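Chemist: Before I ask anything, let me first share the structure, which is written out below as structure tokens.
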Amino acid sequence: MRIDVLTLFPEMFESVLGYSILSRARTRNIVDIALSNIRDFAEGDYRKVDDKPYGGGAGMVMMPGPVFDCLEHVRGLSPDEGRVILLTPQGRRLDQPMVRSLSAEKRLILIAGRYEGFDERIRDGLGAEQVSIGDYVLSGGELPAMVVIDSVVRLLEGALGDEDSAKDDSFSEGLLEYPHYTRPEEFRGMKVPGILLSGNHGKIAQWRREQAVERTKRRRPDLLEEAD
Ligand code: 9D3
């Protein structure tokens with residue numbers, strides 16, 4: 001997969017892309033991630049990318065010119081069309097089915113914004129899908145773009161190492177996870193449930209399923225509505 005990111009802060013991405021699963025996926029050529037600075041497509045001595053809103057009001061608005069020019073440049077970097085995603089609080093909320101669908105694409109083009117918002121002609125004219133990562137206010141679209149990248153890349157064939165569990169147990173799809181324990185058997189008076197030490201794999205699987213259903217009921221009843 002190829003992922004292009006259009007951003008005013010390409011440096012923000014470097015640490016996240018340089019660690020663990022993402023770093024390994026890049027060195028193994030499972031994903032090629034290219035960062036483009038929208039400011040490189042701004043004009044004038046000041047390379048302005050934002051301006052005051054027509055009609056007045058607080059905050060600045062991201063100008064359409066640099067974003068359109070940057071996208072046109074980026075499109076030419078690879079023959080694949082790519083699914084264009086605009087990160088915005090007004091977008092459809094990202095969830096695992098959307099992540100799965102994005103992971104099936106050959107190319108993604110992510111646009112991260114700053115300021116109070118995009119000039120409406122960016123939304124109208126770019127033919128982009130608008131995506132949000134949830135109902136809370138962040139300072140820009142960069143962290144959301146990194147969330148999309150991380151969630152998508154870990155689903156790509158070969159991205160997870162042996163130590164990362166590649167697939168969930170089938171029953172746990174759509175449920176919260178069952179409780180996990182490792183050594184020691186007793187820690188500060190808290191014991192590992194005896195069943196996990198029993199060696200009875202049938203009973204262990206049954207206990208885990210019950211635990212997963214029970215904690216989903218208690219903490220996330222909304223998920224249970226949709227699970228099998
Ligand atoms: C008062 C209006 N604000 C909208 C809630 C303006 C505004 C605040 C922060 C507009 C953009 C932003 C920056 N956020 C994003 O670009 C963003 C975002 C987010 O803040 N939360 C969840 N998902 C996303 S995707 C992009």
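The values are calculated or read from the model by the stated rules, or taken from the named source; none is laboratory data. Predicted model only: the values in this text are computed from it and were never measured. Neighbour counts run over all protein chains shown; Cβ positions are idealised from the backbone, glycine included.
Chemist: Quick check on my filter: what residues within the stretch 49-69 are within 11 Å of the ligand (Cβ to nearest atom) and buried (at least 18 other Cβ atoms within 10 Å of the Cβ)?
Modeler: Once the filter is applied, which keeps residues that are within 11 Å of the ligand (Cβ to nearest atom) and buried (at least 18 other Cβ atoms within 10 Å of the Cβ), the stretch 49-69 yields Val61, Met62.
Chemist: It is to be established whether one or more residues within the stretch 96-111 are at positive phi and under 22 Å from the mean Cα position of the chain (by Cα).
Modeler: no
Chemist: State whether one or more residues within the stretch 208-226 are part of a loop (DSSP other than H, G, I, E, B), modelled with pLDDT of 95 or more and out of contact with any Cys (no Cβ under 8 Å at 6 or more places or on another chain).
Modeler: Within the stretch 208-226 (the criterion being part of a loop (DSSP other than H, G, I, E, B), modelled with pLDDT of 95 or more and out of contact with any Cys (no Cβ under 8 Å at 6 or more places or on another chain)), the answer is yes, since at least one residue qualifies.
Chemist: Have a look at Gly82, Gly44 and point out the one that is within 19 Å of Leu156 (Cα to Cα) and either assigned by TED's automatic domain parsing to the domain that holds Leu143 or within 14 Å of the ligand (Cβ to nearest atom) (or both).
Modeler: Within the list Gly82, Gly44, the selection yields Gly82.
Chemist: Sticking with this structure for a sec: If you take the residues of the stretch 114-134 that are without any contact (Cβ under 8 Å) to a residue 60 or more places away in the chain and near the ligand (Cβ under 7 Å from one of its atoms), which of them is farthest from Asp69 (Cα to Cα)?
Modeler: Gly134
Chemist: Taking the criterion of being within 13 Å of the ligand (Cβ to nearest atom) and among the basic types (Lys, Arg), would at least one residue in the stretch 86-99 satisfy it?
Modeler: Yes, there is a match, as at least one residue in the stretch 86-99 is within 13 Å of the ligand (Cβ to nearest atom) and among the basic types (Lys, Arg).
Chemist: Looking at (1) without any contact (Cβ under 8 Å) to a residue 12 or more places away in the chain; (2) closer than 22 Å to Ile33 by Cβ; (3) within 16 Å of the ligand (Cβ to nearest atom), which is the one condition that is false for Glu72?
Modeler: Failed condition: (3).
Chemist: Another one. Limited to the stretch 102-129, what total is found for residues that are under 28 Å from Lys48 (Cβ atoms), surrounded by fewer than 17 Cβ atoms within 10 Å (Cβ to Cβ) and not small (Gly, Ala, Ser)?
Modeler: Summing the residues that are under 28 Å from Lys48 (Cβ atoms), surrounded by fewer than 17 Cβ atoms within 10 Å (Cβ to Cβ) and not small (Gly, Ala, Ser) in the stretch 102-129 gives 5.
Chemist: If you go through the stretch 186-193 one residue at a time, do you hit one that is among the β-branched types (Val, Ile, Thr) and within 16 Å of the ligand (Cβ to nearest atom)?
Modeler: Scanning the stretch 186-193, I find no residue that is among the β-branched types (Val, Ile, Thr) and within 16 Å of the ligand (Cβ to nearest atom), so the answer is no.
Chemist: Within the stretch 158-174, is there a residue that is modelled with pLDDT of 95 or more and either of a type in the set (S, T, N, Q) or under 16 Å from Thr7 (Cα atoms) (or both)?
Modeler: Within the stretch 158-174 (the criterion being modelled with pLDDT of 95 or more and either of a type in the set (S, T, N, Q) or under 16 Å from Thr7 (Cα atoms) (or both)), the answer is no, since none of the residues qualifies.
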